[in-house]
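Just below is one structure, and these are the notes that go with it.
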Amino acid sequence: MLNRFFVILILVMFFLVSSFLFSKMIFHVPKEVISEDRTFSLKDLFQDINYDRTISYITGDSIIYTKENLAKILNGLLNSYYNDFEIVFESDQITIIYDDKKNSTQNNIDLFSFLEEAIKEYDSELIIKSIDLKNVPKTVIEAEISRISQSGDKLFISVYVTDENYKKKYISITAEVAKYEKALIYSRDAKRGTVLNETFTEEATVNSLAIRYIPVDIQLLKEGKYELTKDVKKGEIVNLTYLKKIPDIKAGDVLIVIVECEGIRITSIARAMTNANYGEIINARNTETGQIISGRLIEGPAVLVKIGG
């Protein structure tokens, strides 16, 4: 009786093991498959499989297979590991989607906004006209300003960036900027030698970074103390570089010489030897003695010479 029991037990165990070893494997293929890298493999389809084989490489955002094409590929690969299996497809078309979850969880940087803030910190008065991003990676996950330099209306920005593949590198970016301010421009054409006054100019808003110029003294302009050294066109900015200050006295003009010494004042007459403006040191020759006198030109016009303090 006992022997019979053991025989039955052995037969049951044999059938159970045989059923496990030789039962048909069913593989289910969904309509969409997500791959976290660009290698589409068996484990992307069947996570619990003990083996893995590369099926294809994902060069774009996705790959689309027909049921028939993918079935041929899978049958060829699975035949190496299983004798009896079945592949069940959820759809006639299967889409393999590349979705890098590691990078997608990163907070990508809006580099344009990042640079705007950096330029604002560099100079809050600058107006950004354009930022050239043609050499910038498509996706930036980290960025650090290394250096900002300026030449006129151009900013040259060196940025240390990390791209979506975690590659780090320096990139150079050029930004065009402006700083607008009021300036004088010519209200009409004028020829070289013209003595200027307010009627020749008008106020305008200009980008002071794009035009290099030296502003004029408004009071001297009102007094007609500037003379053009070149022809100018209407709309051109008034630049001191191309103006000559008209002297208050010219060589040969007669001057009063005032010599002050310990409360004593002596006056005489002299002729200016050079052109000069009030406040400048000038040489003059005494008309009676021929002696050359050096002193400060003051209104009068006169030459003031102080002796002993």
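The values are calculated or read from the model by the stated rules, or taken from the named source; none is laboratory data. Everything numeric in this text was worked out from a predicted model, so none of it was measured. Using ideal geometry, Cβ is built from the backbone for each residue, glycine included, and neighbour counts are taken over all protein chains shown.
A compact table of results
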{"read-out": "All strands (runs of 3 or more DSSP E) inside the range 45-95 with 1 or more residues being under 16 Å from ILE26 (Cβ atoms) and among the charged types (D, E, K, R)", "value": "85-89"}
{"read-out": "Matching strands (runs of 3 or more DSSP E) fully within the range 213-309 where at least 2 residues are in contact with an Asp or Glu (Cβ under 8 Å, 6 or more places away or on another chain) and within 30 Å of ILE185 (Cα to Cα)", "value": "243-245"}
{"read-out": "Given (1) touching a residue at least 40 places away in the same chain (Cβ under 8 Å); (2) of a type outside the set (A, V, I, L, M); (3) under 26 Å from LYS225 (Cα atoms); (4) exposed (fewer than 14 other Cβ atoms within 10 Å of the Cβ), index of the condition GLY252 fails", "value": "(1)"}
{"read-out": "Flag if ILE128 is over 30 Å from PHE114 (Cβ atoms) and assigned to a strand (DSSP E or B)", "value": "no"}
{"read-out": "Residue check for LYS154: at pLDDT 85 or above, of a type in the set (D, E, K, R) and surrounded by fewer than 13 Cβ atoms within 10 Å (Cβ to Cβ)", "value": "no"}
{"read-out": "Top-ranked residue in the range 96-125 [being in a helix (DSSP H, G or I), under 30 Å from LYS43 (Cβ atoms) and of a type in the set (D, E, K, R); ranked as modelled with the lowest pLDDT]", "value": "LYS102"}
{"read-out": "Residue list for the range 52-94, restricted to those being surrounded by 10 or more Cβ atoms within 10 Å (Cβ to Cβ) and of a type in the set (Ser, Thr, Tyr)", "value": "THR54, SER56, TYR57, SER62, TYR65, THR66, TYR81, TYR82, SER91"}
